[in-house]
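Asker: One structure is given below, represented as structure tokens, and several questions about it will come after.
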Amino acid sequence: MLELRLVQGSLLKKVVDAIRDLVNDASFDCSATGFSLQAMDSSHVALVALLLRSEGFDHYRCDRNISMGMNLNNMAKMLRCAGNDDIITFKGDDGSDTVSFMFESPTQDKISDFEMKLMDIDSERLGIPEAKYQAIVRMPSTEFARICKDLGSIGDTVVISVTKEGVKFSTRGDIGSANIVCRQNTDVDKPEQATTVEMNDPVSLTFALRYMNSFTKATPLSNQVTISLSSELPVVVEYKIAEMGYVRFYLAPKIEE
Amino acid sequence: KRLQLNITEFFPST
């Protein structure tokens with residue numbers, strides 16, 4: 001028996017919208033720790049890891065570890081039927097081939113029940129080793145989304161370089177080239193507007209912008225994004241989910257042949 | 001020409 005209740009139901013919508021561009025079907029794992037997911041995109045270039053900790057839910061009951069294969073577009077279709085202020089309760093049963101979503105309006109005058117079919121998914125789990133990163137950039141998530149969108153209209157790949165000057169995003173395409181430098185800036189009215197660049201060693205890596213742009217679908221989840229870089233490692237683009245956990249995207253770099 | 005690496009080259013299957 002599994003029962004999760006989230007008063008801030010819109011959060012679940014945002015989580016599904018954040019990852020469904022990258023992954024079609026995924027296996028959600030439920031344990032005493034929380035509700036989690038790990039999935040690769042179909043070309044095995046990127047990986048998404050989600051964690052919603054049990055303490056973050058208003059009610060969390062998970063009698064035993066359970067994995068549920070779900071189609072994210074179908075999940076989005078169901079969740080779209082919830083009002084933005086609705087309380088969402090997610091229920092599952094051992095051995096059942098369906099799960100259910102219950103949406104309650106804040107005034108309790110409308111209660112909806114949706115049942116969704118589960119899928120059989122052969123998911124391969126990867127071990128993500130702990131790593132010490134050469135550079136960690138924190139910046140407003142909207143700013144990062146803007147940069148990826150702008151560069152994506154010019155080139156296919158972005159070179160992210162971190163030096164003591166700041167972080168530079170560069171691209172090159174048929175029509176020309178672009179460089180955007182963001183300097184550390186902590187002199188801001190609100191902490192979420194800050195950009196910080198923590199650098200142990202200078203680093204420069206190349207990534208496909210198509211994936212970066214897909215990661216920015218998580219922007220509504222968090223005001224800030226954290227980009228962790230090390231040569232020889234996939235970049236980590238992390239959106240923290242307040243009080244609950246995170247969505248982390250890992251993207252393998254491109255190298256010169 | 002740039003070569004796109006796969007995520008599985010970095011993270012082992014468990």
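The values are calculated or read from the model by the stated rules, or taken from the named source; none is laboratory data. Everything numeric here is computed off the predicted structure, so don't read it as measured data. Note: ideal-geometry Cβ built from the backbone for every residue, glycine included; neighbour counts use all protein chains shown.
Asker: Residue under question is residue A:78, and the condition is that it be of a type in the set (A, V, I, L, M, F, W, C), free of Cβ contacts under 8 Å to residues at least 60 places away in the same chain, more than 22 Å from residue A:238 (Cβ to Cβ) and in a strand (DSSP E or B); does it hold? Can you show your working first?
Answerer: Details: of a type in the set (A, V, I, L, M, F, W, C): yes; free of Cβ contacts under 8 Å to residues at least 60 places away in the same chain: yes; more than 22 Å from residue A:238 (Cβ to Cβ): yes; in a strand (DSSP E or B): no.
Criteria not met by residue A:78.
Asker: More than 27 Å from residue A:168 (Cα to Cα), part of a loop (DSSP other than H, G, I, E, B) and in contact with a helix residue (DSSP H, G or I) (Cβ under 7 Å, 6 or more places away or on another chain) - does that describe any residue in the range A:84-102?
Answerer: Looking for residues that are more than 27 Å from residue A:168 (Cα to Cα), part of a loop (DSSP other than H, G, I, E, B) and in contact with a helix residue (DSSP H, G or I) (Cβ under 7 Å, 6 or more places away or on another chain), one finds at least one in the range A:84-102, hence yes.
Yes or no, residue by residue, for (1) under 26 Å from residue A:29 (Cβ atoms); (2) of a type in the set (Phe, Trp, Tyr); (3) in contact with a strand residue (DSSP E or B) (Cβ under 7 Å, 6 or more places away or on another chain):
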| site | (1), (2), (3) |
| --- | --- |
| A:96 | yes, no, no |
| A:104 | yes, no, yes |
| A:109 | no, no, no |
| A:119 | yes, no, yes |
| A:122 | yes, no, no |
| A:129 | yes, no, no |
| A:142 | no, no, no |
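Asker: Then there is this: Is there a residue being at pLDDT 95 or above, polar (S, T, N, Q) and closer than 16 Å to residue A:3 by Cα anywhere in the range A:74-96?
Answerer: Yes, because at least one residue in the range A:74-96 is at pLDDT 95 or above, polar (S, T, N, Q) and closer than 16 Å to residue A:3 by Cα.
Asker: Another question, if that's okay. Restricting to the range A:227-257, give me the number of residues that are within 10 Å of chain B (Cβ to nearest Cβ) and among the aromatic types (Phe, Trp, Tyr). Give the derivation first.
Answerer: Narrowing the range A:227-257 to residues within 10 Å of chain B (Cβ to nearest Cβ): A:232-234, A:250-257.
Now restrict to residues that are among the aromatic types (Phe, Trp, Tyr): A:250.
Result for the range A:227-257: 1.
Asker: May I pose another question? Condition test on residue A:46, is it within 14 Å of chain B (Cβ to nearest Cβ) and either crowded, with 20+ Cβ neighbours inside 10 Å or at pLDDT below 95 (or both)?
Answerer: Values: within 14 Å of chain B (Cβ to nearest Cβ): yes; either crowded, with 20+ Cβ neighbours inside 10 Å or at pLDDT below 95 (or both): yes.
Yes; evaluated as a whole, the condition is true for this residue.
Asker: Kindly provide the set of residues from the range A:152-203 that are in a strand (DSSP E or B), without any contact (Cβ under 8 Å) to a residue 40 or more places away in the chain and hydroxyl-bearing (Ser, Thr, Tyr), ordered by number.
Answerer: Residues satisfying the conditions are A:163, A:170, A:171, A:177.
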